[in-house]
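The values are calculated or read from the model by the stated rules, or taken from the named source; none is laboratory data. As the structure is a prediction and not an experimental result, all values here were calculated from the model. Reconstructed Cβ throughout: ideal geometry from the backbone, glycine too, with neighbour counts over all protein chains shown. In case anyone asks, the SASA skips ligands and DNA or RNA and just uses the protein heavy atoms, side chains included. Shrake-Rupley method; radii C 1.70, N 1.55, O 1.52, S 1.80 Å.
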Amino acid sequence: MPRTRKINPDDAATVQTAAAEDDSSSGKTRYAAPALDKGLDILELLSRSEQMLTLNQISRQLGRSVNEIFRMVVTLEQRGYLIADNDHYRLSLKLFELAHHHQPIRSLVSTALPHMRELASRAVQSTHLTVYEAGRVIVVAQVDSPERWAFGLKVGALVSLTDTASGHVLLAFRDEAERAAMLAAHVRMDGEQEIETAQLMRQIEDTRKRGHSRMESRQIRGVVNLSYPVMGANNRMLAALNVPYIERIDKKVNPSLDEVQGIVQEISARLSRLMGDSSFGS
């Protein structure tokens, strides 16, 4: 067996004293990890950017020198967290893949996918499942329409919390304290439209009363977004089931918007029963 060196109490006290920083403003002791902070700053910056960034852009936006971040960026690329293209960097899907190894998300997606495939087949529309994560909405599962063409969101895509149907649904079925915390953490997305707080609150309340959101897309012309909640044990909000409805204008007759809405409602209620029975989210 490998041999380990025991640390005596005096050594441990010395290590703690050297590592701890006293925050005089709060009176709390914290342990600094500058390299980790640097890496997390880079990941968080790129997660907010819809465009690839150069080293100079990253350093400027973080207020650090290129020399400070160069090795960290190279390490993150080597470990698969970043993708480089002509000296520009963006996030890979590795963080998303790690999140999918988390049991709750894995259970949700594995339960939902067969029913989402049924939805896509019956509605002849694409569908996706979203959850709230750190101030934004993330797509965790997606099924394309069986049509020759399809409109949908990619798995791992991030969308706004405040100007999307799925965001409104994820906000509507929470208690006031949880909703306030979500809005306080809201991260604006590129192109996100401004909305007054009072108007947003009215829309969220309307969504809660109706039990769903049905609204024209504020990102893509001609798309009507349908979104219904998926609830878990103890009526806890888990996810939003969504269809970005697009209408055929040729001779092919597909289910109407109202018919598709009925299918989404049926499938979301079924998923809520399944997730509640499994005690997910309790």
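Details
- Among the residues making up segment 153-187, those that are free of Cβ contacts under 8 Å to residues at least 40 places away in the same chain and among the charged types (D, E, K, R) are Lys154, Asp175, Glu176, Glu178, Arg179.
- Residue check for Gly156: in a loop (DSSP other than H, G, I, E, B), in the same structural domain as Leu238 (by the TED database) and either among the acidic types (Asp, Glu) or open to solvent by less than 30 Å² (accessible area, probe 1.4 Å) (or both): yes
- For segment 139-152, the set of residues classified as farther than 10 Å from Ile246 by Cβ, surrounded by fewer than 20 Cβ atoms within 10 Å (Cβ to Cβ) and in contact (Cβ under 8 Å) with a residue 24 or more places away in the chain consists of Asp144, Pro146, listed by residue number.
Results for (1) hydrophobic (A, V, I, L, M, F, W, C); (2) more than 22 Å from Leu45 (Cα to Cα), shown as yes or no for each residue.
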{"residue": "Ala150", "(1), (2)": "yes, yes"}
{"residue": "Leu158", "(1), (2)": "yes, no"}
{"residue": "Ala165", "(1), (2)": "yes, yes"}
{"residue": "Val169", "(1), (2)": "yes, yes"}
{"residue": "Arg179", "(1), (2)": "no, yes"}
{"residue": "Leu183", "(1), (2)": "yes, no"}
{"residue": "Val187", "(1), (2)": "yes, no"}
{"residue": "Glu196", "(1), (2)": "no, yes"}
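- Checking each residue of segment 196-216 against the condition of being over 19 Å from the mean Cα position of the chain (by Cα) and touching a residue at least 60 places away in the same chain (Cβ under 8 Å) gives no match.
- Tally of residues being open to solvent by less than 20 Å² (accessible area, probe 1.4 Å) and assigned to a strand (DSSP E or B) across segment 213-228: 4
- Tally, over segment 34-52, of residues that are more than 21 Å from the chain's Cα centre (by Cα) and of a type outside the set (D, E, K, R): 3
- Checklist (1) free of Cβ contacts under 8 Å to residues at least 40 places away in the same chain; (2) out of contact with any strand residue (DSSP E or B) (no Cβ under 9 Å at 6 or more places or on another chain) applied to Thr111, failing item: (1)
- Selected residue (criterion: farthest from Val187 (Cα to Cα)) from residues of segment 53-81 that are at pLDDT 90 or above and not in a helix (DSSP H, G or I): Ser65
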